[in-house]
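What follows is a set of notes on a single structure, which appears directly below.
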């Protein structure tokens, strides 16, 4: 991580932490209010293989508002549909982030096999504005994006959505709200215990 921060400062780049997660129709359980002696019951549709996959970047740069950039992929269980993100999807997300941020990117993500395929390595090598660093093995606590997913799933607790479109809309709604709360994105970074990115050298 120290090397990533030094490179980011030298290039006046954004440090972007990336990760992926998924959400199904099975509702996340949480405590709720109910009349005394009455057990609350929430009816949900948890059948089928509907899944919303999300790939996101928590982006930080001294002197700039922190950003959350994400893409979703809806899997309805139909034949031939991709069940999750593939190399072209991740590459398009990184290109979109670069276009939006208008600066070099130092990417930090975990050691998922998808992140180390030949196609991903070739894409990284072809993009001079992109440098990549891997997190230590089994260290999700060091990735602010993990806290985005935790917050998103917590806000979906006890939500009884019944269709794929409703699920996708609910996921996007929660993530869109977070995009406007730069202080919350900062807090996700603070929660990792990592020292903040250093400002660019004059």
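The values are calculated or read from the model by the stated rules, or taken from the named source; none is laboratory data. Not measured: the values here are computed from a predicted model. Please note: Cβ atoms are built from the backbone with ideal geometry, for glycine as well, and neighbour counts cover all protein chains shown.
The set of residues in segment 56-99 that are assigned to a helix (DSSP H, G or I) and surrounded by 13 or more Cβ atoms within 10 Å (Cβ to Cβ) comprises 87, 89, 90, 91, 92, 93, 94, 95, 96, 97, 98. In segment 46-54 there is at least one residue matching the filter, namely being at pLDDT below 80, farther than 23 Å from residue 116 by Cα and touching a helix residue (DSSP H, G or I) at 6+ places or on another chain (Cβ under 9 Å).
So for segment 140-152 (the condition being touching a residue at least 24 places away in the same chain (Cβ under 8 Å) and loosely packed, with under 14 Cβ neighbours inside 10 Å), does at least one residue qualify? Yes, there is a match, as at least one residue in segment 140-152 is touching a residue at least 24 places away in the same chain (Cβ under 8 Å) and loosely packed, with under 14 Cβ neighbours inside 10 Å. Going by what's in this entry, would residue 172 be described as more than 30 Å from residue 63 (Cβ to Cβ), assigned to a helix (DSSP H, G or I) and touching a residue at least 40 places away in the same chain (Cβ under 8 Å)? Spelling it out, it is not the case that residue 172 is more than 30 Å from residue 63 (Cβ to Cβ), assigned to a helix (DSSP H, G or I) and touching a residue at least 40 places away in the same chain (Cβ under 8 Å).
The condition of being in contact with a helix residue (DSSP H, G or I) (Cβ under 8 Å, 6 or more places away or on another chain), assigned to a helix (DSSP H, G or I) and either modelled with pLDDT of 95 or more or more than 23 Å from residue 94 (Cα to Cα) (or both) does not hold for residue 159. When segment 101-118 is filtered for residues that are farther than 26 Å from residue 141 by Cβ and surrounded by 13 or more Cβ atoms within 10 Å (Cβ to Cβ), the ones remaining, listed by number, are 103, 104. Condition check for residue 178 on (1) part of a helix (DSSP H, G or I); (2) more than 15 Å from the chain's Cα centre (by Cα): one failure, at (2). So, of the residues in segment 119-139 that are over 22 Å from residue 104 (Cα atoms) and out of contact with any helix residue (DSSP H, G or I) (no Cβ under 8 Å at 6 or more places or on another chain), which turns out to be surrounded by the most Cβ atoms within 10 Å (Cβ to Cβ)? Across segment 119-139, the extreme among qualifying residues is 139. Could you tell me whether residue 197 is touching a helix residue (DSSP H, G or I) at 6+ places or on another chain (Cβ under 8 Å), closer than 22 Å to residue 96 by Cβ and at pLDDT below 95? Yes: the conditions hold for residue 197. Taking the conditions exactly as written (at pLDDT 95 or above and over 18 Å from the mean Cα position of the chain (by Cα)), does residue 124 satisfy them or not? The answer is yes for residue 124.
Would you confirm, using the coordinates I've provided, whether residue 145 is at pLDDT 95 or above, within 18 Å of the chain's Cα centre (by Cα) and closer than 19 Å to residue 66 by Cβ? Answer is yes for this residue.
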